[in-house]
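The values are calculated or read from the model by the stated rules, or taken from the named source; none is laboratory data. Owing to the predicted nature of the structure, the values given are computational and were not obtained by experimental measurement. Note that each Cβ is placed from the backbone with ideal geometry, even for glycine, and that neighbours are counted across all protein chains shown.
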Amino acid sequence: MPDPTAATATVYYDPYDVGITADPYPVFARLRDEAPLYYNERYDFWALSRHADVEKALSDWETFSNARSDILELVKSTFDMPRGVMMFEDPPEHTMLRGLMSRVFTPRRMAEIEDQIRRYCVNCLDPLVGSGGFDIISELASMMPMRVIGMLLGIPESEQVSVRDANDANLRTRPGAPMKVADATKIADGSIYADYVDWRAANPSDDLMTALLNVEFTDSSGEHRTLTRKEVLHYTQVVAGAGNETTGRLIGWLAKVLAEHPDQRREIAEDRSLVLRAVDETLRFEPTGPHVARYVARDFTYGGTTVPAGSAMLLLFGAANRDERRYRLPDTFDIHRDNISHLTFGKGVHYCLGANLARLEGRVALDEVLNRWPEWEIDYDTARLAPTSTVRGWEHLRILVG
């Protein structure tokens with residue numbers, strides 16, 4: 001194996017560089033080969049790119065801690081992280097918090113919401129039938145996840161757009177620059193949901209917010225109780241934030257990747273049992289989140305180089321998902337892979353709680369698009385990637401139909 005830091009002068013990776021993020025895969029390939037442990041001097045972070053290394057790191061929370069979140073700018077910030085927020089915790093606190101969340105985020109609730117998701121897709125897409133094309137981001141992808149989270153949480157439709165925009169603003173970055181973080185506690189304080197929580201407390205219903213208000217549990221100190229108002233706001237923010245940007249990006253990538261692989265798209269149109277395979281292969285091929293960050297809680301040694309405790313580490317999902325050491329022909333999109341798997345939703349104790357919801361939304365959206373347009377192309381002249389380093393996807397993506 002080459003010295004993992006020897007190539008840092010010749011291969012350069014920067015999550016804020018719009019030129020790299022437009023097509024990061026050539027750089028990812030060089031990182032895997034030349035600098036599997038990479039150090040970026042400009043922004044002072046390390047990165048792992050090989051599938052086996054990323055997968056192992058995801059399972060080693062004692063070394064690669066989530067206690068400062070999974071966002072690079074927060075990991076590197078000097079702010080104290082808020083306590084009691086699932087996205088800022090490791091076991092044992094995280095185990096208790098996640099177990100509580102899984103009790104209200106149930107498979108039954110996911111199954112029940114599928115019909116509502118499908119009705120929403122139908123209402124979005126039917127008016128577009130007969131048009132020459134439309135922006136799938138503005139007409140469906142940017143709105144659908146917000147509506148679904150609204151359905152789950154019981155947020156009135158009239159307020160969902162402002163809630164989505166407030167969430168997205170937290171994740172926005174100026175092209176070529178890191179995210180500005182003025183106060184880490186604002187990332188997950190849930191304050192934009194305060195009025196809805198108070199209203200729902202007085203008007204209970206069969207939704208996730210009501211379930212959060214009423215769930216009983218035994219906390220880490222042994223007290224049997226319900227969530228405090230502050231905790232309900234935190235949980236609501238986690239659910240809404242996590243489910244919004246990434247799922248919308250998935251729908252955009254499904255449209256683009258399948259436009260560029262028309263033979264496979266036609267197969268899926270003929271055999272809808274392939275839809276979920278298409279969703280997962282798209283998540284591998286074009287992950288909505290190209291990386292997650294971790295705080296290095298103790299010294300980590302790799303190939304003779306020691307990453308000191310206190311460092312920031314990026315785990316590059318986009319690189320790991322195309323590692324030829326793990327996948328046959330990794331740069332080829334193939335819904336018939338023997339083993340469609342990926343690291344896009346993470347692994348281990350921090351595996352994405354909303355993974356099944358994202359898959360459900362992607363599957364229903366693709367199914368309903370194919371019901372109306374088995375053929376489409378991309379208007380590349382107007383396509384534009386979104387300016388954020390935390391997720392990767394399309395802000396504008398017009399598809400041409402008919």
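Would you confirm, using the coordinates I've provided, whether residue 348 is touching a Ser or Thr at 6+ places or on another chain (Cβ under 6 Å) and more than 24 Å from residue 16 (Cα to Cα)? Taking the combined requirement at face value, the residue satisfies it.
Residues checked against (1) closer than 20 Å to residue 290 by Cβ; (2) touching a residue at least 12 places away in the same chain (Cβ under 8 Å); (3) small (Gly, Ala, Ser):
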position	(1), (2), (3)
314	yes, yes, no
332	yes, no, no
357	no, yes, no
362	yes, yes, yes
375	no, yes, no
392	yes, yes, no
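List the strands (runs of 3 or more DSSP E) inside the range 299-402, counting only whole elements, that have at least 2 residues being among the aliphatic types (A, V, I, L, M).
Filter on the range 299-402 gives 312-315, 398-401.
Residue 318 - would you say it is among the small types (Gly, Ala, Ser) and more than 24 Å from the chain's Cα centre (by Cα)? The answer is no for residue 318. The set of residues in the range 20-38 that are hydroxyl-bearing (Ser, Thr, Tyr) and touching a residue at least 40 places away in the same chain (Cβ under 8 Å) comprises 21, 25. Checked against the criteria, residue 254 does not count as surrounded by fewer than 19 Cβ atoms within 10 Å (Cβ to Cβ), on the phi < 0 side of the Ramachandran plot and under 18 Å from the mean Cα position of the chain (by Cα). Can you work out which of the residues in the range 15-47 that are aromatic (Phe, Trp, Tyr) and under 18 Å from residue 313 (Cβ atoms) is modelled with the lowest pLDDT? Only one residue fits best here, namely 16.
Table: residues versus (1) surrounded by 17 or more Cβ atoms within 10 Å (Cβ to Cβ); (2) at pLDDT 85 or above.
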| position | (1), (2) |
| --- | --- |
| 192 | yes, no |
| 197 | yes, yes |
| 207 | yes, no |
| 210 | yes, yes |
| 224 | no, yes |
| 230 | no, no |
| 235 | yes, no |
| 238 | yes, no |
| 244 | yes, no |
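Say we look at the range 286-342 and pick out the residues that are surrounded by fewer than 21 Cβ atoms within 10 Å (Cβ to Cβ) and of a type in the set (Lys, Arg); which of these is nearest to residue 31 (Cα to Cα)? Across the range 286-342, the extreme among qualifying residues is 325.
Hey, can you tell me all the residues within the range 357-388 that are under 30 Å from residue 73 (Cα atoms), over 12 Å from the mean Cα position of the chain (by Cα) and not acidic (Asp, Glu)?
Matches in the range 357-388: 362, 383, 384, 385, 386, 387, 388.
The set of residues in the range 321-363 being among the aliphatic types (A, V, I, L, M) and over 18 Å from residue 253 (Cα atoms) consists of 329, 349, 353.
In summary, residue 346 fulfils each of the numbered conditions (1) without any contact (Cβ under 8 Å) to a residue 24 or more places away in the chain; (2) on the phi > 0 side of the Ramachandran plot; (3) crowded, with 17+ Cβ neighbours inside 10 Å with the single exception of condition (1). For the range 74-91, filtered to residues that are surrounded by fewer than 20 Cβ atoms within 10 Å (Cβ to Cβ) and out of contact with any Ser or Thr (no Cβ under 7 Å at 6 or more places or on another chain), the residue that is modelled with the highest pLDDT is 76. The residues of the range 110-134 that are closer than 24 Å to residue 236 by Cβ and surrounded by 16 or more Cβ atoms within 10 Å (Cβ to Cβ), listed by number, are 110, 113, 117, 120. Listed by position, the helices (runs of 4 or more DSSP H) inside the range 191-265 whose residues that are among the basic types (Lys, Arg) number at least 1 are 194-202, 229-259.
To keep it simple, each residue is scored yes or no on (1) surrounded by 18 or more Cβ atoms within 10 Å (Cβ to Cβ); (2) more than 29 Å from residue 95 (Cβ to Cβ).
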residue	(1), (2)
352	no, no
365	yes, yes
370	yes, yes
376	yes, yes
381	no, yes
387	no, yes
398	yes, yes
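So, residue 274, is that one within 23 Å of residue 366 (Cα to Cα), in a helix (DSSP H, G or I) and touching an Asp or Glu at 6+ places or on another chain (Cβ under 8 Å) or not? Yes; evaluated as a whole, the condition is true for this residue.
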